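A.B. asks: For reference, the structure I am asking about is given below.
The values are calculated or read from the model by the stated rules, or taken from the named source; none is laboratory data. Since the structure is predicted, the reported quantities are computational estimates derived from the model, not experimental observations. With ideal geometry, Cβ positions are generated from the backbone for all residues, glycine too; neighbour counts draw on all protein chains shown.
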2 protein chains.
Amino acid sequence: MGFGEKLRGAAERNGSLLCVGLDPHPDRVATDDLIPFLRAIIDATSDLVCAFKPQLAFFEVRGAAGWEALHATVDAIPRNVPIILDAKRGDIGSTATAYAEMAFDLVGADAVTVNPYLGHDAALPFLTRPDRAAFFLCRTSNPGGDDLQSLDIDGQPLYQRVADLVRQWGEPHGNAGLVVGATYPEELAAVRQRCPDVPILLPGIGAQGGDLDRSLAAGLDARGGGLIVSASRSVLFASTGSDFADAARAEAEQLRRAIQQSAAARPAQQH
Amino acid sequence: MGFGEKLRGAAERNGSLLCVGLDPHPDRVATDDLIPFLRAIIDATSDLVCAFKPQLAFFEVRGAAGWEALHATVDAIPRNVPIILDAKRGDIGSTATAYAEMAFDLVGADAVTVNPYLGHDAALPFLTRPDRAAFFLCRTSNPGGDDLQSLDIDGQPLYQRVADLVRQWGEPHGNAGLVVGATYPEELAAVRQRCPDVPILLPGIGAQGGDLDRSLAAGLDARGGGLIVSASRSVLFASTGSDFADAARAEAEQLRRAIQQSAAARPAQQH
């Protein structure tokens with residue numbers, strides 16, 4: 001079962017465009033607690049999401065114990081819920097191939113996030129498998145996102161050129177997506193207009209505080225899908241007590257409902 | 001001892017601007033052979049180089065055994081030869097901090113390569129330690145390097161804007177460098193002109209076949225340094241037989257000498 005099929009299946013089955021980002025900051029979750037913590041989060045939310053997104057940095061920084069926890073985390077995720085490995089890798093040819101093998105074979109992810117700065121031959125090793133996908137950084141919502149991404153290229157910002165390139169890179173198998181932060185709905189709309197059929201991963205909902213209604217109006221595709229709305233800290237750390245899993249479920253349910261309502265309420269001309 | 005001091009010390013002691021890239025492709029070196037192979041390469045070349053540059057992808061793809069080999073490799077490198085971890089990471093704030101901890105604390109590298117696409121707040125976590133450095137991708141020599149890096153920004157290509165930004169990011173501690181491929185000496189000269197004091201990591205010598213004389217004339221700083229000339233496969237795989245370490249030493253000696261001669265012969269106006 002390919003990434004796209006798995007994603008649509010989970011989205012329909014769970015009535016959800018919500019992706020829970022598994023971002024276990026070392027100062028929030030001790031390494032000894034990592035496996036039971038993430039298993040509990042997954043068990044509490046896997047019927048409410050369309051995907052899980054482990055952030056590789058927070059595993060990698062813990063060394064061997066972190067990798068062990070990452071493998072255990074992947075094992076705990078139901079097979080019919082896709083895994084997007086947030087790795088933001090990017091390197092030339094044979095090195096990119098090694099990173100793709102790391103993400104898809106060693107970790108067993110269905111998709112991976114990738115940095116586009118090195119261009120097409122650094123991108124394609126992540127796109128050669130029709131059943132796996134890659135999401136390329138396009139427009140990020142961090143303070144430094146403007147430094148390069150908003151630079152003017154022939155009257156258009158760089159991130160729009162990136163969107164065009166990624167759409168082309170993904171044409172053979174339809175498995176290239178984009179990462180667009182939720183902070184700038186106008187920019188999300190511009191990306192969606194250029195890439196009507198490209199899946200968009202939308203981080204920045206929840207702790208980072210984007211505007212959900214405007215983001216969904218701007219980012220949903222013509223069929224009301226094509227958007228993966230990711231929340232991390234607001235779900236994982238909804239409670240710091242022993243009720244953390246229940247609190248995570250409650251927060252995920254609330255986010256799922258808010259996304260459903262926003263999607264239903266979006267302006268008619270967007271349908 | 002900080003990165004800059006360690007780099008200058010090794011360069012002077014060994015009379016070398018050569019960096020040996022430790023790129024053990026899985027199809028060239030089996031995991032069981034990885035530690036003795038790399039130890040032999042390091043022992044055979046550590047008095048001929050100014051730095052070693054392990055490529056993290058080729059360790060990471062091997063899982064736990066790869067990380068064990070990476071730690072053993074770092075342990076085998078003399079303390080007074082700096083280690084540049086080729087990781088090309090890039091992520092927002094707290095995630096970048098985790099990657100910096102991975103590179104500097106977990107691995108013990110003196111410097112790390114970083115992708116600039118996410119801007120200053122993704123860059124700064126790699127630059128907060130005065131004794132560690134980060135080299136940012138600027139102009140790469142792979143076929144897709146043009147896709148983004150050559151796009152015209154107000155009459156200048158994007159990679160020159162990146163060079164300007166990185167120079168600013170590194171100002172507090174003087175510890176930001178640039179990665180510029182050896183394939184385009186004119187572009188290297190443009191970067192050096194904009195960033196007279198920024199160290200430049202120059203991959204693409206050896207197997208990738210850049211023009212050494214022109215690269216050195218273009219890239220050396222006013223004091224005849226500031227350039228780290230990296231070769232990987234041509235040294236590691238100089239022989240596929242049991243004499244691989246001797247062959248690696250011979251290749252490294254030849255490269256070191258060629259770099260010395262090119263540096264001595266560069267046009268007077270460059271001094």
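A.B. asks: With the requirement that a residue be small (Gly, Ala, Ser) and within 22 Å of B:Leu227 (Cα to Cα), what does the stretch B:41-76 give you?
C.D. replies: B:Ser46, B:Ala51
A.B. asks: In the stretch A:32-59, how many residues are surrounded by 24 or more Cβ atoms within 10 Å (Cβ to Cβ) and charged (D, E, K, R)?
C.D. replies: 1
A.B. asks: Let me ask you something else. Anything in the stretch B:178-198 that is surrounded by 24 or more Cβ atoms within 10 Å (Cβ to Cβ) and within 21 Å of B:Ala87 (Cβ to Cβ)? List them, or say none.
C.D. replies: Scanning the stretch B:178-198 gives B:Leu178, B:Val179, B:Val180, B:Gly181, B:Ala182.
A.B. asks: Just one of the numbered conditions (1) within 17 Å of the chain's Cα centre (by Cα); (2) within 22 Å of B:Thr95 (Cβ to Cβ); (3) more than 14 Å from chain B (Cβ to nearest Cβ) is not true of A:Asp23; which one?
C.D. replies: Failed condition: (3).
A.B. asks: List the residue pairs whose Cβ atoms are under 6 Å apart, where the first residue sits in the stretch A:62-84 and is within 20 Å of A:Thr113 (Cα to Cα), the second is in a helix (DSSP H, G or I) and basic (Lys, Arg), and the two are 6 or more positions apart or on different chains.
C.D. replies: The qualifying pairs are A:Pro82/A:Lys6.
A.B. asks: On to the next question. Can you tell me which residue is surrounded by the fewest Cβ atoms within 10 Å (Cβ to Cβ) among those in the stretch B:136-155 that are over 21 Å from the mean Cα position of the chain (by Cα) and over 18 Å from B:Pro185 (Cβ atoms)?
C.D. replies: So, considering only residues that are over 21 Å from the mean Cα position of the chain (by Cα) and over 18 Å from B:Pro185 (Cβ atoms), the one surrounded by the fewest Cβ atoms within 10 Å (Cβ to Cβ) is B:Gly155.
A.B. asks: Do we have B:Leu38 as of a type outside the set (Gly, Ala, Ser), more than 26 Å from B:Gly226 (Cα to Cα) and over 19 Å from the mean Cα position of the chain (by Cα) here?
C.D. replies: no
A.B. asks: Right, here's the next one. With respect to the numbered conditions (1) surrounded by fewer than 22 Cβ atoms within 10 Å (Cβ to Cβ); (2) under 22 Å from A:Gly170 (Cα atoms); (3) of a type in the set (Lys, Arg), which one is the sole condition not fulfilled by A:Arg79?
C.D. replies: Evaluating A:Arg79 over (1) surrounded by fewer than 22 Cβ atoms within 10 Å (Cβ to Cβ); (2) under 22 Å from A:Gly170 (Cα atoms); (3) of a type in the set (Lys, Arg) leaves (2) as the failure.
A.B. asks: Of all the helices (runs of 4 or more DSSP H) wholly in the stretch B:29-146, which have at least 3 residues that are under 26 Å from B:Gly9 (Cβ atoms) and more than 14 Å from chain A (Cβ to nearest Cβ)?
C.D. replies: B:34-45, B:64-76
A.B. asks: Still on this model: Name the residues in the stretch A:62-76 that are in contact with a strand residue (DSSP E or B) (Cβ under 8 Å, 6 or more places away or on another chain) and surrounded by 23 or more Cβ atoms within 10 Å (Cβ to Cβ), would you?
C.D. replies: Hits for the stretch A:62-76 are A:Leu70, A:Thr73.
A.B. asks: Here is a follow-up. So A:Leu165 clears everything in (1) of a type outside the set (S, T, N, Q); (2) within 11 Å of chain B (Cβ to nearest Cβ); (3) farther than 17 Å from A:Gly4 by Cα; (4) surrounded by 23 or more Cβ atoms within 10 Å (Cβ to Cβ) except one condition, right? Which one?
C.D. replies: The one condition A:Leu165 does not meet is (4).
A.B. asks: Which condition from (1) more than 24 Å from A:Glu101 (Cβ to Cβ); (2) more than 14 Å from the chain's Cα centre (by Cα); (3) modelled with pLDDT of 95 or more is the one that A:Gly170 breaks?
C.D. replies: (1)
Table: residues versus (1) touching a helix residue (DSSP H, G or I) at 6+ places or on another chain (Cβ under 8 Å); (2) under 15 Å from A:Gly15 (Cα atoms); (3) surrounded by 15 or more Cβ atoms within 10 Å (Cβ to Cβ).
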residue: A:Val229; (1), (2), (3): yes, yes, yes
residue: A:Leu236; (1), (2), (3): yes, no, yes
residue: A:Phe244; (1), (2), (3): yes, no, yes
residue: A:Ala247; (1), (2), (3): no, no, yes
residue: A:Gln260; (1), (2), (3): no, yes, yes
residue: A:Ala263; (1), (2), (3): yes, yes, yes
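A.B. asks: Can you pull out every residue in the stretch A:97-132 that is polar (S, T, N, Q), closer than 22 Å to B:Phe59 by Cβ and either in contact with a helix residue (DSSP H, G or I) (Cβ under 7 Å, 6 or more places away or on another chain) or surrounded by fewer than 24 Cβ atoms within 10 Å (Cβ to Cβ) (or both)?
C.D. replies: Once the filter is applied, which keeps residues that are polar (S, T, N, Q), closer than 22 Å to B:Phe59 by Cβ and either in contact with a helix residue (DSSP H, G or I) (Cβ under 7 Å, 6 or more places away or on another chain) or surrounded by fewer than 24 Cβ atoms within 10 Å (Cβ to Cβ) (or both), the stretch A:97-132 yields only A:Thr97.
A.B. asks: I'd like to verify a number: residues in the stretch B:1-28 that are crowded, with 16+ Cβ neighbours inside 10 Å and assigned to a loop (DSSP other than H, G, I, E, B), how many?
C.D. replies: Qualifying residue count, the stretch B:1-28: 7.
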